[in-house]
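I have placed the structure first, in the form of structure tokens, so that the comments after it can refer back to it.
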Amino acid sequence: MRHYASALASSAIGLMGLAGLNRLLRARAERRHPPAGAFIYVEGTRLHYIERGQGAPIVLIHGSGSLLQDFCVSGLVDRLSRSHRVLAFDRPGYGYSDRPGGVDWTPEHQAAVFVKACAGLGAERPTVIGHSWGTLPVLAWALNHPDQINRIALLSGYFYPTVRPDAALTAVMGSPVVGDAFAHTLLPLQARLTGPLGNRMIFSPASPTPAFMEEMPFGLMLRPGQLHSTAQDSGQMPAAAARLSRRYSELSIPMAIIWGDEDKLVDQGNQSAKLAIHLPHAIAEGLEGVGHMVHHTETERVASIHPVKAA
């Protein structure tokens, strides 16, 4: 019993030390990478966004684990802002956007928040572009608020539920109590160890671009709060796709579906390519020899095919 108690005490001290280290790393990351844009409050939720350019509005919604700088570093914001007013948001719980507790942050709820944010910013009926997990709130926006959206583009998306071996672990990591504890202790360490492999996987068969490796604020992405939000979103992804996919036949607005045919993160043959068959009116293009990060490796092609150009 004495050895057992000693082991428990050592473990507790170690976890407390990790929690303290993660607080220091979070503070350092926020000093190095202060907010890049402005804030708008929607029903008590603070949203961080950047705005560039003038013209018809385009809204960019990032994926799980990421933040709005993903679209800046890829060059997509600069490319689109030549002729449009571009708004890129940190989704709730990511970057500098809040994620209040007691709220079920489904894609549907996130979409409703973005609709109100755009109304507050005077961005009427924007074209909305989502990447990866960010395609789910874009679809929820189009389905639940069709009069508040013009066109959509879906990049490397996840649209139909699949069996996920990591679902049980993700559910634990995203839970309110145990998940919070993991997020403030072990999860940042795990993310730092696996991050380089993850970066290679999402870009494969290409290598991560120099801009991505040098300019992305990885310290912000590794903060406990953002990692907890990522776990919550990952855990709800199959159920959200199941809900939304039952309604895809309702979609009639102009849309583009773009994916890389060598995506190592998502089986796009059973996702984007399948959606393109179900929605034959959509512009659809699978980019040969391209991975998950299509907006980084094929920026010009993505910008030129999005449905602002569609008839």
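Values quoted throughout were computed directly from the atomic coordinates according to the rules given, and no laboratory measurement underlies them. The structure presented is a predicted model; accordingly, all values stated were derived computationally and were not measured. Neighbour counts are summed over all protein chains in view; Cβ atoms, including those assigned to glycine, are modelled from backbone coordinates with ideal geometry.
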Worksheet item: How far, in nm, would the chain grow between His281 and Glu51 when pulled straight, counting 0.36 nm per residue and subtracting the alpha carbon separation?
Response: 79.7 nm
Practice prompt. Can you pull a Stokes-Einstein diffusion coefficient for segment 194-311 at 4 °C (1.567 mPa s), Rh from Kirkwood over Cα pairs, as a whole number of µm²/s?
Written response: 80 µm²/s
Worksheet item: Sequence-distant or interchain residues sharing an amide H contact under 5 Å with Leu287, placed H: which?
Response: Trp259, Gly260, Asp261
Discussion item. Whole-Hz ³J(HN,Hα) for each residue in segment 274-288, computed from phi via Karplus 6.51 cos²θ - 1.76 cosθ + 1.60 with θ = phi - 60°, x for glycine and proline: what do you get?
Written reply: 5, 4, 4, 5, 6, 10, x, 6, 6, 5, 9, 8, x, 8, 5
Worksheet item: Which ³J(HN,Hα) values, rounded to whole Hz and listed in residue order, are derived for segment 23-38 from phi using the Karplus coefficients 6.51, -1.76 and 1.60 in 6.51 cos²θ - 1.76 cosθ + 1.60 with θ = phi - 60°, glycine and proline given as x?
Response: 5, 5, 5, 5, 4, 5, 4, 6, 5, 6, 10, x, x, 8, x, 10
Worksheet entry | At R0 = 41 Å, FRET efficiency that the Cβ-Cβ distance of Glu262 and Leu189 yields, to 0.05 | 0.85
Worksheet entry | Residues whose placed amide H lies under 5 Å from that of Val59, excluding near-sequence neighbours | Leu87, Thr127, Val128, Ile129
Item to complete: Would you please give the FRET efficiency between Glu215 and Val163, computed as 1/(1 + (r/R0)^6) with r the Cβ-Cβ distance and R0 = 41 Å, to the nearest 0.05?
Response: 0.70
Practice prompt. Calculate the spin-label point distance for Glu43 paired with Lys274, positioning each point 7 Å from the Cα along the beta-carbon direction, and give it in nanometres.
Written response: 3.0 nm
Practice prompt. For an R0 of 35 angstrom, estimate the FRET efficiency from the Cβ-Cβ distance between Glu250 and Ser304 and round to the nearest 0.05.
Written response: 0.80
Discussion item. Can I get the semi-axes of segment 99-149's equivalent ellipsoid? Compute them from the C-alpha gyration tensor as square roots of 5 times the eigenvalues, in angstrom, largest first.
Written reply: 17, 14, 9
